[in-house]
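Colleague: Dropping the structure in here first, questions after.
The values are calculated or read from the model by the stated rules, or taken from the named source; none is laboratory data. Quick caveat, the model's predicted, so the values are computed rather than measured. Heads up, the Cβs are rebuilt from the backbone with ideal geometry, glycines too, and the neighbour counts pull from every protein chain shown.
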Ligand SMILES: Nc1ncnc2c1ncn2[C@@H]1O[C@H](COP(=O)(O)OP(=O)(O)OP(=O)(O)O)[C@@H](O)[C@H]1O
Ligand SMILES: Nc1ncnc2c1ncn2[C@@H]1O[C@H](COP(=O)(O)OP(=O)(O)OP(=O)(O)O)[C@@H](O)[C@H]1O
Ligand SMILES: [Mg+2]
Ligand SMILES: [Mg+2]
């Protein structure tokens, strides 16, 4: 096991009138090489959870074990921050340098890499997210459009080549190509061994990529399993404010109208075959 | 009515000059529910900021109900008419509690405290944040901040409401209820809504869809008309509503379906 959250709770501003319990008794194990989708309604604790994993927040109760060592006890959180890269929900909270190139270079520079290697990584990761180096390198990150800012923030973390990559709603605000490019890029990184955790609202976009989905509701993990098992809980998910992929919704609705379809498949092609067969049968 | 007459806008100058809007001619009519789509960097937020005079055109003119945004004396009135919810709610939060934040605009209008109280309660209820009135806005989750920002705009009772990706961080239930709230406000109170988004599925609610590309309006029409040619939209980076994608796949394997499908329910009906 790569990371293990053991009985972790987190309270914002404990012992004040504004005290807010955000996570409660979380037990979550993450294996090397997994690609996990973390979903949950507004305020359910997703951003808090990923900030705990990247040690930006420290549990108020329980412990987090990284490669067998307890964070804060056996191992310094600063070491974890080099291993775990987090792309924030709002890119503005991450950008700070005067130029895009400097911003993206910050992470790799901090890892003590040579300037040559840093430059290579900057070009590489800007390319992966679809920002042409010549056009963007010298621009100020603060004068970019919303989606461009997000792409720079993603590139900055990619350039660190972290052991664990965590992205908090990375595709929100990106256009069709941006979403496709970013998802394909992290999928490839995952295929090459990187552990990836992605927080998302749009099930359609991530269902096909992730091999596991964990669902948070009111600070607790309420479902955790393979996407097709989790998304088969359509009523429960709707109940807590979530959605299922559109293919699943369609198959369900067709089944309710008397079509003979199974709601097993998440991807586009299996869904198409299932619908075609059912329509012919009718 | 909001009119943009031959509007161009450049950020920076000389070598750094970026043309964000390029000869835009556009009229947003009273009572419309319009959606603006377009790839990253195509000029959507820049366009939105012109509608309430936050940005003044480099060329051309923006006129809101007869008031030009170039006219300094009219700007206050323009901002009252055109409410704006920004892409990043942090840019909008000013006060240290949610209710003070919402009160800020109405206080500036000089409304009496009773009326302000009423508006706070009303708008917090609309966005489902009534239990957070005394919370500190900076200490909310991303989606909660967006809800507060929307409440703040609604409390001003604007005639026109421009929302710039302001529901993007909400969960599916939250964003669909927020969108139907906007639709209700539009239908029942005649508030004109301009919704900027990357989620093409949201066009189903709109009367009109505008597509921006490289600072120009390349499409303008009812949703089904704009989504008749998918290739061109995909090429520039505008996604296709998921139901329509599925429908197209089904057509490709031989099913006969109309090419106007935008929602799953329409697709289900067409298949039955
Ligand atoms: N800095 C903070 N101080 C106090 N409370 C906070 C803070 N950040 C979040 N909270 C609260 O903790 C809870 C969990 O918030 P969190 O940001 O983890 O939710 P989330 O699942 O990421 O939501 P969203 O989808 O809206 O981003 C919420 O009730 C929120 O109001
Ligand atoms: N403050 C600024 N200074 C300089 N250039 C800017 C500034 N804001 C935006 N731009 C540039 O102007 C163009 C249009 O930006 P705008 O923010 O209007 O795009 P957008 O369509 O809203 O994109 P997104 O979908 O990413 O939010 C982009 O090329 C962007 O880089
Ligand atoms: Mg969050
Ligand atoms: Mg924008």
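Colleague: Counting just the residues of region A:211-245 that are touching a helix residue (DSSP H, G or I) at 6+ places or on another chain (Cβ under 6 Å) and more than 14 Å from chain B (Cβ to nearest Cβ), which one comes out farthest from residue A:21 (Cα to Cα)?
Modeller: Out of the qualifying residues, it is A:227.
Colleague: Okay, next question. So which of B:165, B:100 is modelled with pLDDT under 95 and within 13 Å of chain A (Cβ to nearest Cβ)?
Modeller: B:165
Colleague: Related question: Counting just the residues of region A:23-42 that are under 16 Å from the mean Cα position of the chain (by Cα) and more than 20 Å from residue A:187 (Cα to Cα), which one comes out nearest to ligand 4 (Cβ to nearest atom)?
Modeller: By that ranking, first place goes to A:42.
Colleague: Are any residues in region B:130-156 out of contact with any strand residue (DSSP E or B) (no Cβ under 7 Å at 6 or more places or on another chain), under 16 Å from residue B:179 (Cα atoms) and within 13 Å of ligand 1 (Cβ to nearest atom), and if so, which ones?
Modeller: Listed by number, the residues that qualify are B:143, B:144, B:146, B:147, B:148.
Colleague: Please go through (1) buried (at least 23 other Cβ atoms within 10 Å of the Cβ); (2) within 13 Å of chain B (Cβ to nearest Cβ) for residue A:136 and return the number of the only condition it doesn't satisfy.
Modeller: It fails just one condition, (1).
Colleague: I'd like to check something: does region B:82-90 contain any residue that is over 15 Å from the mean Cα position of the chain (by Cα) and more than 19 Å from residue B:218 (Cα to Cα)?
Modeller: Yes.
Colleague: Moving on. Which of (1) at the interface with another protein chain (Cβ under 10 Å from one of its Cβ atoms); (2) within 28 Å of residue A:49 (Cα to Cα) is the odd one out, the single condition residue A:252 does not satisfy?
Modeller: If we test residue A:252 against (1) at the interface with another protein chain (Cβ under 10 Å from one of its Cβ atoms); (2) within 28 Å of residue A:49 (Cα to Cα), just (2) comes out false.
Colleague: On to the next question. Determine which member of the set A:206, A:154 is at negative phi and within 16 Å of ligand 2 (Cβ to nearest atom).
Modeller: Exactly one of A:206, A:154 is at negative phi and within 16 Å of ligand 2 (Cβ to nearest atom), namely A:154.
Colleague: Do you know which residues across region A:264-277 are surrounded by fewer than 21 Cβ atoms within 10 Å (Cβ to Cβ) and more than 7 Å from chain B (Cβ to nearest Cβ)?
Modeller: A:264, A:265, A:267, A:269, A:270, A:273, A:277
Colleague: Only one residue in B:38, B:31 is more than 16 Å from ligand 1 (Cβ to nearest atom), within 17 Å of the chain's Cα centre (by Cα), within 18 Å of residue B:168 (Cβ to Cβ) and at pLDDT 95 or above. Which one?
Modeller: The conditions single out B:38.
Colleague: Just for helices (runs of 4 or more DSSP H) wholly inside region A:170-282: which have at least 2 residues that are free of Cβ contacts under 8 Å to residues at least 24 places away in the same chain and farther than 19 Å from residue B:172 by Cβ?
Modeller: A:176-191, A:246-256, A:268-281
Colleague: May I ask you to verify whether residue B:163 is crowded, with 19+ Cβ neighbours inside 10 Å, under 28 Å from residue B:42 (Cα atoms) and within 15 Å of ligand 3 (Cβ to nearest atom)?
Modeller: no
Colleague: What pairs come out if I take residues in region A:39-59 that are within 12 Å of another protein chain (Cβ to nearest Cβ) and farther than 22 Å from residue A:244 by Cβ and pair them with residues that are in a loop (DSSP other than H, G, I, E, B) and away from ligand 4 (no atom under 16 Å from the Cβ) whose C-beta lies under 6 Å away, six or more apart or interchain?
Modeller: Hits for this filter: A:47/A:89; A:51/A:57.
Colleague: Of the numbered conditions (1) touching a strand residue (DSSP E or B) at 6+ places or on another chain (Cβ under 9 Å); (2) within 18 Å of residue A:130 (Cβ to Cβ); (3) within 14 Å of chain B (Cβ to nearest Cβ); (4) more than 14 Å from ligand 3 (Cβ to nearest atom), residue A:203 satisfies every one except a single condition; which is it?
Modeller: Every listed condition holds for residue A:203 apart from (2).
Colleague: Within the group B:10, B:50, which residue is on the phi < 0 side of the Ramachandran plot and more than 14 Å from chain A (Cβ to nearest Cβ)?
Modeller: Criteria check complete, one pass: B:50.
Colleague: So if I check each of A:120, A:165, which one is farther than 22 Å from residue B:43 by Cα and over 19 Å from the mean Cα position of the chain (by Cα)?
Modeller: None of the other options fit; the residue is A:120.
Per-residue answers, yes or no, for (1) more than 30 Å from residue B:136 (Cβ to Cβ); (2) in contact (Cβ under 8 Å) with a residue 12 or more places away in the chain:
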site: B:13; (1), (2): yes, no
site: B:27; (1), (2): yes, yes
site: B:32; (1), (2): yes, yes
site: B:44; (1), (2): yes, yes
site: B:68; (1), (2): yes, no
site: B:75; (1), (2): yes, yes
site: B:88; (1), (2): no, no
site: B:96; (1), (2): no, yes
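Colleague: Looking at B:258, B:223 in this structure, which one is over 30 Å from residue B:7 (Cα atoms), in contact with a helix residue (DSSP H, G or I) (Cβ under 7 Å, 6 or more places away or on another chain) and surrounded by fewer than 23 Cβ atoms within 10 Å (Cβ to Cβ)?
Modeller: Only one candidate qualifies: B:258.
Results for (1) more than 12 Å from chain A (Cβ to nearest Cβ); (2) modelled with pLDDT of 95 or more, shown as yes or no for each residue.
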| residue | (1), (2) |
| --- | --- |
| B:173 | no, no |
| B:197 | no, yes |
| B:208 | yes, yes |
| B:216 | yes, yes |
| B:233 | no, no |
| B:245 | no, no |
| B:249 | no, no |
| B:256 | no, no |
| B:260 | yes, no |
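Colleague: Is it the case that some residue within region A:79-99 is within 16 Å of ligand 1 (Cβ to nearest atom), assigned by TED's automatic domain parsing to the domain that holds residue A:182 and surrounded by fewer than 17 Cβ atoms within 10 Å (Cβ to Cβ)?
Modeller: Yes, region A:79-99 contains a residue that is within 16 Å of ligand 1 (Cβ to nearest atom), assigned by TED's automatic domain parsing to the domain that holds residue A:182 and surrounded by fewer than 17 Cβ atoms within 10 Å (Cβ to Cβ).
Colleague: List pairs: first in region B:122-134 and more than 10 Å from chain A (Cβ to nearest Cβ), second within 16 Å of ligand 2 (Cβ to nearest atom), Cβ under 6 Å, 6+ apart or cross-chain?
Modeller: Between residues of region B:122-134 that are more than 10 Å from chain A (Cβ to nearest Cβ) and residues that are within 16 Å of ligand 2 (Cβ to nearest atom), there is no close pair.
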